[in-house]
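Reviewing the structure listed below.
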Amino acid sequence: MARDDREREIFRAALGLFARYGYKKTAIEDVARETGMSKGNIYFYVRDKRDLYEKAVGNALIEWRDRVAGAVAREKDPVKKFRVMAMQSFEYLSRQPSLRKILEEDRGIFTLTPGEDRFREINRGAMEIIAGILTEGIRAKKFRRVDVPHATELLFSIYIMFLIKAYVKSEGSSVAKMFEEGLEIMLRGLLRT
């Protein structure tokens, strides 16, 4: 098995164990047992349990971002790309119980303060998806001209707020409806035409 595949296997197993038992009760030995590896082999990929946890969460966030990017890439129209990006980004967690559980327990994963963002490099990649769609939409004259970096930061902040409300605070179906309404406002604006 290739190193990247083995690494992903370790991080997925670790994420599931951290979700099931929590950070304190999960040991490196548990991950080794789950993957059929020795504890020493796990240390080949991580420094310690904290590093394993951060890399497992980071890997899950990268998989999420890449899944959204793939869905966006299949669309041609920037408006459809924006809609697909928003919906896929929001709905992804509903199909990922381990990651959802981790987010409920570790409320510091999502923050509205960039300086506190432990996963800022991964999130920067997500913001690049937004910026790319905005830029493409402006060029295609589908979106009005906006300051792309500031609009991207605003949209990403709104997205994080919805994730916090829906999955960290578990506010449920009303948040989903609010998200859909917010998406329509983002795409159509508040002003009557």
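The values are calculated or read from the model by the stated rules, or taken from the named source; none is laboratory data. Please read these numbers as outputs of a predicted model, since none were measured by experiment. Positions of Cβ are backbone-derived with ideal geometry, glycine not excepted, and every protein chain shown enters the neighbour counts.
Things to note:
- Scanning the range 135-146 turns up no residue that is over 17 Å from the mean Cα position of the chain (by Cα), assigned to a helix (DSSP H, G or I) and modelled with pLDDT under 95.
- Single unsatisfied condition, G22 versus (1) closer than 18 Å to A126 by Cβ; (2) surrounded by fewer than 17 Cβ atoms within 10 Å (Cβ to Cβ): (1)
- Checklist (1) touching a residue at least 12 places away in the same chain (Cβ under 8 Å); (2) more than 19 Å from the chain's Cα centre (by Cα) applied to E29, failing item: (1)
- Residue in the range 107-127 that is in contact (Cβ under 8 Å) with a residue 12 or more places away in the chain, of a type in the set (D, E, K, R) and closer than 23 Å to E54 by Cα present: yes
- Unique match (being at pLDDT 95 or above, assigned to a loop (DSSP other than H, G, I, E, B) and not β-branched (V, I, T)) among K80, K24, K76: K76
- If you go through the range 62-116 and keep only what is surrounded by 18 or more Cβ atoms within 10 Å (Cβ to Cβ), under 28 Å from F143 (Cα atoms) and of a type in the set (S, T, N, Q), you end up with just S89.
- Residue count for the range 27-38, restricted to those that are in a helix (DSSP H, G or I) and either of a type in the set (D, E, K, R) or surrounded by fewer than 20 Cβ atoms within 10 Å (Cβ to Cβ) (or both): 7.
- Some residue of the range 112-124 being farther than 28 Å from K25 by Cα, at pLDDT 90 or above, part of a loop (DSSP other than H, G, I, E, B) and hydrophobic (A, V, I, L, M, F, W, C): no
- Scanning the range 147-179 for residues that are among the polar types (S, T, N, Q), more than 18 Å from M85 (Cα to Cα) and part of a helix (DSSP H, G or I) turns up S173, S174.
- Flag set for N41, criterion: out of contact with any Cys (no Cβ under 7 Å at 6 or more places or on another chain), free of Cβ contacts under 8 Å to residues at least 24 places away in the same chain and either under 30 Å from K142 (Cα atoms) or part of a helix (DSSP H, G or I) (or both).
- Identity of the residue in the range 117-161, surrounded by 15 or more Cβ atoms within 10 Å (Cβ to Cβ) and acidic (D, E), that ends up farthest from E184 (Cα to Cα): D117
- L187 falls short of the stated requirement of being over 21 Å from D77 (Cα atoms) and in a helix (DSSP H, G or I).
- Condition broken by R124, with the remaining ones in (1) more than 18 Å from I160 (Cβ to Cβ); (2) within 16 Å of the chain's Cα centre (by Cα); (3) among the basic types (K, R) satisfied: (1)
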